[in-house]
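The values are calculated or read from the model by the stated rules, or taken from the named source; none is laboratory data. All of these numbers come straight from a predicted model, not from anything done at the bench. Cβ placement follows ideal geometry from the backbone for every residue including glycine, while neighbour counts extend to all protein chains displayed. Ligands, DNA and RNA are excluded from the accessible area calculation, which covers all protein heavy atoms including side chains. Shrake-Rupley method; radii C 1.70, N 1.55, O 1.52, S 1.80 Å.
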Amino acid sequence: LSIDKSGGYNPGEGTALPSDLFLSSIATLSRIDVDGVPVNGFLPSIYNYDVETISTDVPQLSWLTSSTLATAGSSNPTSVPNTAATINVIAQDGYTENIYTINYIGVSATEQENLEQLVKIYPNPALQELTIILEDDSKGMVTIHTTDGRLLMQKGDVHGETKIDISSIISGLYSLSVTLDNGKTINSLLKIK
């Protein structure tokens, strides 16, 4: 039922409601990338993420709002690791607001090398099949995302030597993540021929 100065009307009757009558209250992100790599495990409803870094260069942060009517801005640290960046998202209504926090956690080069020794990924570039080898009885999950953050493939319960069929993925550059059961993640770019 709608009511205006001339009376009350049933749906479909009377004057049409103006399109700008309602303001969007969506203040979420649909993705966050750190140095071009999607944040592992990102969900619009989770506002706090840890990202490991071995570099002291401040990562480049990019994002996409869930609503084209929302605005977002970031506050970046002047150094890393052990600092945080924030992305403040404000809905069109001007009231609804969410803040995403990206904690840059320092990982020593030795820790990173040890992690890379636990996980082998080959071939890269790949054509039809990708092999993941997890050493030391490690278990984990493999995800492949497009560079714009869309999840293409996810395979859990990866352990030992696991072969992954990638023949259905078209040629291009993708983001590959291997997340171990201990929470540690190795991110890399994967080229598919």
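Spatially close Lys pairs in the chain, defined by Cα atoms under 20 Å apart and a spacing of eight or more places or different chains, total 14.
Shape call for region 90-193 from the C-alpha gyration tensor, a ≥ b ≥ c root eigenvalues: rounded (a/c under 1.5), prolate (a/b greater than b/c) or oblate? Oblate, since a/c reaches 1.5 and b/c is not below a/b.
Give the relative contact order (percent, whole number) for region 17-77; include only Cα pairs under 8 Å separated by 6+ residues. Could the numbers behind the result be given before it?
On the way: 62 pairs, mean separation 26.0, N = 61.
Result for region 17-77 is 43 percent.
What value, in deg cm²/dmol to 500, does the helix sum -39500 (n - 2.57) over DSSP H runs of n ≥ 4 give at 222 nm once divided by the residues of the chain? Present the calculation step by step, with values, prior to reporting the outcome.
Values: 1 runs with 10 residues, N = 193.
Result for the chain: -1500 deg cm²/dmol, rounded to the nearest 500.
What you get for region 134-174, charging only the Cβ of Lys and Arg (+1) and of Asp and Glu (-1), is a dipole of about 260 debye around the Cα centre. The long axis of helix 109-118 is offset from the longest Cα principal axis of the chain by roughly 80 degrees.
Given [x] 18.5; [y] 13.7; [z] 15.0 as candidate values of mean projected area of the Cα convex hull in nm², which corresponds to the one derived from the coordinates? The value computed from this structure is option [z].
I want the local charge near PRO59. Using Cβ-Cβ distances under 10 Å, sum +1 for each Lys or Arg and -1 for each Asp or Glu among the other residues.
-3
The 3J(HN,Hα) values that the Karplus relation (6.51, -1.76, 1.60; θ = phi - 60°) gives for region 171-187 are, in residue order, 4, x, 10, 9, 9, 10, 10, 10, 10, 7, 4, 7, x, 6, 10, 10, 10 Hz. Gly and Pro appear as x.
Using a 1.4 Å probe and counting only protein heavy atoms, arrange TYR9, TYR122 so the residue with the most accessible area comes first.
Details: TYR9 55, TYR122 100 Å².
Highest to lowest solvent-accessible surface, that is TYR122, TYR9.
When DSSP beta bridges are limited to those with both residues in the chain, what percentage is antiparallel, rounded to the nearest 5? All intermediate terms of the calculation are to be shown ahead of the outcome.
Details: 54 of 61 bridges.
Counting DSSP beta bridges with both partners in the chain, the antiparallel share is about 90 percent.
Residue farthest toward the positive end of the dipole of the chain, with Cβ of Lys/Arg at +1 and Asp/Glu at -1: which of SER74, TYR9, ILE102? Positive-most Cα among the choices belongs to TYR9.
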